[in-house]
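Have a look at the structure below, then the notes.
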Amino acid sequence: MRRAAALAGALLATLAVAPAALAQSCPQTTLADLEDEVMCPVCGTPLALATEAPQAERQREYMQRLIDDCRSKDEIKQALVAQFGSEVLALPGDEGDDDLGDVLVYLIPALAIVLAAGGIAFAVVRWRGARARGPHASVSAADGSRVDTDMERYDL
Amino acid sequence: MRRVLAPIPIAVLCVVLALVALLAYGLAQNEPDRTVEEALQRGERDAAPALELPKLDGGGTGSLADYRGKVVVLNFWASWCEPCREESPMLERWHGRMTKRGGTVLGVDILDVTADAQDFIEEFGLTYPMLKDKDGDALESFGVVAYPETFVIDPEGRIAAVRRGPVDEAFMNAEVAPLLEGA
């Protein structure tokens, strides 16, 4: 009798602990974390920006079902590709093909920023140089003496 | 004049022109393809683009060419599309009529979760063949921009009519029934 009670107690304890253990083993994936990494294929925008599109709502429901099934982020992305094709992935490199485009998509904006900053710096340096030389800096010595002569002629 | 030709105003002008060109390009890219309607207005029928897609139930692929010699009502739909719910029962009724007279409705489920699409098919008891266009490739070739859209394909594989939006009995009677009589 005592053994049966102990067995029942152990069984109850296992049942009580099981859901918590399951939750701990579940990947900590959230819808908010995924929304900006996948596209809404109909809207052509990241899912996070598609607030009211019916297709986006269905996509969120599908993703939430996968999250509830304890799927990891990568598994959910793979499931989305199976449903909507690889264009559902918003981040370059997520497709796993590591092609030149994945590098260029980061490199070109970085180069553009560097070039723009260089252009602004160059313009500022030139502008400050022109200010430092003052308004008469471009007048040659010959022109200067001619101006002085003219001024003396009209000197009252 | 020298001030206008200075590097900074020229750079600003270049940036503005580049932005305007980008905007114009974007608008031109988003312009829907309406060559089908233009051909129909001239009284011509363009050949339907080739269409080969996986079947929605996963059993291999299907294509428009499989139905050459038949009148096909090609319907682009999705389970999340509200107007698709309105037209589906009518399309099922017409599929019943068409199969007796050498025709069929062919559904293409677009950008949809397969399980949701199958629930939709079960809900409305749809029996016509279904293909799945998971990434929307067929949308571009047919110039589909809204959902649902329906193309009536004649037995020679040419587009005889198009409806951008849900179809109704009047459209089916006007565009599909005469083709069935001639089939």
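The values are calculated or read from the model by the stated rules, or taken from the named source; none is laboratory data. All of these numbers come straight from a predicted model, not from anything done at the bench. Here the Cβ positions follow ideal geometry from the backbone for every residue, glycine too, while neighbour counts run over all protein chains shown. To get the accessible areas, we keep the full protein, side chains included, count just its heavy atoms, and leave off ligands, DNA and RNA. Shrake-Rupley method; radii C 1.70, N 1.55, O 1.52, S 1.80 Å.
Given the condition without any contact (Cβ under 8 Å) to a residue 40 or more places away in the chain, out of contact with any strand residue (DSSP E or B) (no Cβ under 8 Å at 6 or more places or on another chain) and of a type in the set (A, V, I, L, M), answer yes or no: does some residue in the range B:153-171 qualify?
Yes, there is a match, as at least one residue in the range B:153-171 is without any contact (Cβ under 8 Å) to a residue 40 or more places away in the chain, out of contact with any strand residue (DSSP E or B) (no Cβ under 8 Å at 6 or more places or on another chain) and of a type in the set (A, V, I, L, M).
Return the pair list, or none, for Cβ contacts closer than 9 Å from residues in the range B:73-90 that are within 10 Å of another protein chain (Cβ to nearest Cβ) to residues that are in a strand (DSSP E or B) and surrounded by fewer than 21 Cβ atoms within 10 Å (Cβ to Cβ), at least 6 apart or on different chains.
Once the first residue is within 10 Å of another protein chain (Cβ to nearest Cβ) and sits in the range B:73-90, no partner that is in a strand (DSSP E or B) and surrounded by fewer than 21 Cβ atoms within 10 Å (Cβ to Cβ) comes close enough.
Just the residues that are farther than 27 Å from B:Gly107 by Cβ and either among the polar types (S, T, N, Q) or surrounded by 11 or more Cβ atoms within 10 Å (Cβ to Cβ) (or both), please, taken from the range B:16-35.
Residue satisfying the conditions is B:Gln29 alone.
Kindly establish whether B:Asp33 is part of a helix (DSSP H, G or I) and either touching a helix residue (DSSP H, G or I) at 6+ places or on another chain (Cβ under 9 Å) or over 25 Å from B:Glu169 (Cα atoms) (or both). Give the derivation first.
Working: part of a helix (DSSP H, G or I): no; either touching a helix residue (DSSP H, G or I) at 6+ places or on another chain (Cβ under 9 Å) or over 25 Å from B:Glu169 (Cα atoms) (or both): yes.
Judged against the criteria, B:Asp33 is not a match.
Filter the range A:37-59 down to the residues that are surrounded by 23 or more Cβ atoms within 10 Å (Cβ to Cβ) and facing chain B (nearest Cβ under 7 Å), then identify the one that is nearest to B:Cys81 (Cα to Cα).
The extreme case among them is A:Gln55.
Does B:Ala11 count as surrounded by 12 or more Cβ atoms within 10 Å (Cβ to Cβ), in a helix (DSSP H, G or I) and away from chain A (no Cβ under 14 Å)? First the steps, then the outcome.
Numbers: surrounded by 12 or more Cβ atoms within 10 Å (Cβ to Cβ): yes; in a helix (DSSP H, G or I): yes; away from chain A (no Cβ under 14 Å): no.
Criteria not met by B:Ala11.
Is there a residue in the range B:36-43 that is away from chain A (no Cβ under 14 Å), surrounded by 16 or more Cβ atoms within 10 Å (Cβ to Cβ), more than 18 Å from B:Ala177 (Cα to Cα) and in contact with a Phe, Trp or Tyr (Cβ under 8 Å, 6 or more places away or on another chain)?
Yes.
Out of the range B:119-167, which residues are within 14 Å of another protein chain (Cβ to nearest Cβ), open to solvent by 10 Å² or more (accessible area, probe 1.4 Å) and farther than 23 Å from A:Gly44 by Cβ?
B:Asp119
Restricted to the range B:44-67, and to residues that are touching a Pro at 6+ places or on another chain (Cβ under 8 Å) and in a strand (DSSP E or B), which residue is least open to solvent (accessible area, probe 1.4 Å)?
Top of the filtered list is B:Gly62.
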